[in-house]
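Asker: Structure in structure tokens, see below.
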Amino acid sequence: MTSNRTHTATLDRIEEGIAVLLREDDGDVLEERHIHNLDRIPAEGRHEGAVLHVTIDDDQALVAIEYDSEAE
């Protein structure tokens with residue numbers, strides 16, 4: 001059985017068409033994830049500082065990304 005987990009991440013930057021997402025806890029970076037396909041990120045959330053909810057499955061594969069405009 002697969003269980004998905006959702007984490008909050010911040011879009012740190014986009015460099016050469018690759019988005020860098022940071023998952024942090026109390027100011028410590030727990031994970032840096034590179035998204036090579038910008039179409040996976042909602043258009044309104046493709047800017048520095050955007051707060052995103054990232055869903056990851058048991059194999060650490062990215063399942064979904066949602067933009068949270070209210071959390072910025």
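The values are calculated or read from the model by the stated rules, or taken from the named source; none is laboratory data. Quick caveat, the model's predicted, so the values are computed rather than measured. Cβ coordinates were reconstructed from backbone atoms using ideal geometry, including for glycine residues, and neighbour counts include every protein chain displayed. Only protein heavy atoms, including side chains, enter the accessible area calculation; ligands, DNA and RNA are left aside. Shrake-Rupley method; radii C 1.70, N 1.55, O 1.52, S 1.80 Å.
Asker: For the chain, what is the accessible area per residue in Å², given a 1.4 Å probe and the full set of protein chains?
Answerer: Using a 1.4 Å probe on heavy atoms only, each residue of the chain averages 65 Å².
Asker: How big is the chain by the Kirkwood estimate over distinct Cα pairs, in Å?
Answerer: After inverting the pairwise mean of 1/r, the radius is 12.3 Å.
Asker: How would you rank 33-44, 51-62, highest first, on the average number of other Cβ atoms within 10 Å across their residues?
Answerer: Those peptides, ordered most packed to least, come out 51-62, 33-44.
Asker: Around Val29, what is the net charge, scoring Lys/Arg as +1 and Asp/Glu as -1 over all other residues with Cβ under 15 Å from its Cβ?
Answerer: Here the count lands on -4.
Asker: Net charge within 14 Å of Leu62 by Cβ-Cβ distance, Lys/Arg positive one each and Asp/Glu negative one each, not counting Leu62 itself?
Answerer: -3
Asker: Further question on the same structure: Which of Gly17, Gly45, Gly27 ends up with the largest GNM mean-square fluctuation for the chain, with Cα atoms connected below 10 Å?
Answerer: Per the Cα network of the chain with a 10 Å cutoff, Gly27 tops the list.
Asker: Same structure again: I want the local charge near Ser3. Using Cβ-Cβ distances under 12 Å, sum +1 for each Lys or Arg and -1 for each Asp or Glu among the other residues.
Answerer: Surrounding charge for Ser3 is -2.
Asker: Each label point is 7 Å from the Cα along the Cα-to-Cβ direction; what then is the distance between the points at Glu24 and His53, in nm?
Answerer: Roughly 2.1 nm, to one decimal.
Asker: Okay, moving on. Grab the Cα-Cα distance for Arg5 and Leu62, subtract it from 0.36 nm times how many residues apart they are, and report the gain in nm with one decimal.
Answerer: 19.5 nm
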